[in-house]
Amino acid sequence: MKSGIANCAGCGSQWDEKLTAPVGSFPPNPFGLYDTAGNVWEWVEDCDHEDYNGAPTDGSAWKKEGGGNCYLRVFRGGAWNYAARGVRSSFRGRGDPANKSAVIGFRLVREMD
């Protein structure tokens, strides 16, 4: 992890292991999206699966197909209190979406024509 480009435990920002950083505190990713790494974990639509065998290859959500457990949902991206190893989209956590947490949030998406 390059220092100062995300908010996590040991990422080199002024907010590391303290609190969330203000929106837009770091440069956007190649798709123009801000704050996708660190700050707070983000819930995704996927149900929990043991591994990636049988996962969709088109970017769609992976639900019950292939034995998914939809009681547990997936979150990605790392958080301000988590080690830098989790600050990447391929690292996933899992949890019950009914539980509240100061380190898990969500991102609203609006498709535009």
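What follows draws every value from the coordinates through simple rules; no lab data is involved. All values reported here derive from a predicted model rather than from experimental measurement.
The Cα atoms of the range 1-71 cover 42, 25, 19 Å along the three principal axes, with the biggest extent listed first. Take every pair of alpha-carbon atoms less than 8 Å apart whose residues are at least six positions apart; their mean separation over the length of the range 1-88 yields a relative contact order of 34 percent.
Apply the Debye scattering formula to the range 34-113, with a single equal point scatterer on each alpha-carbon and no solvent, then give log10 I(q)/I(0) at q = 0.18, 0.23 Å⁻¹. The computed values of log10 I(q)/I(0) come out as -0.78, -1.15. Determine the distance separating the Cα centre of the range 55-113 from the Cα centre of the range 1-52; give it in Å without decimals. The two parts, judged by their Cα centres, are 12 Å apart.
For the chain, the share of DSSP beta bridges that are antiparallel, to the nearest 5, is 65%. Across the range 16-25, rounded Karplus estimates of 3J(HN,Hα) from the backbone phi angles (6.51 cos²θ - 1.76 cosθ + 1.60, θ = phi - 60°) give 3, 6, 10, 6, 6, 8, x, 4, x, 6 Hz, Gly and Pro being marked x.
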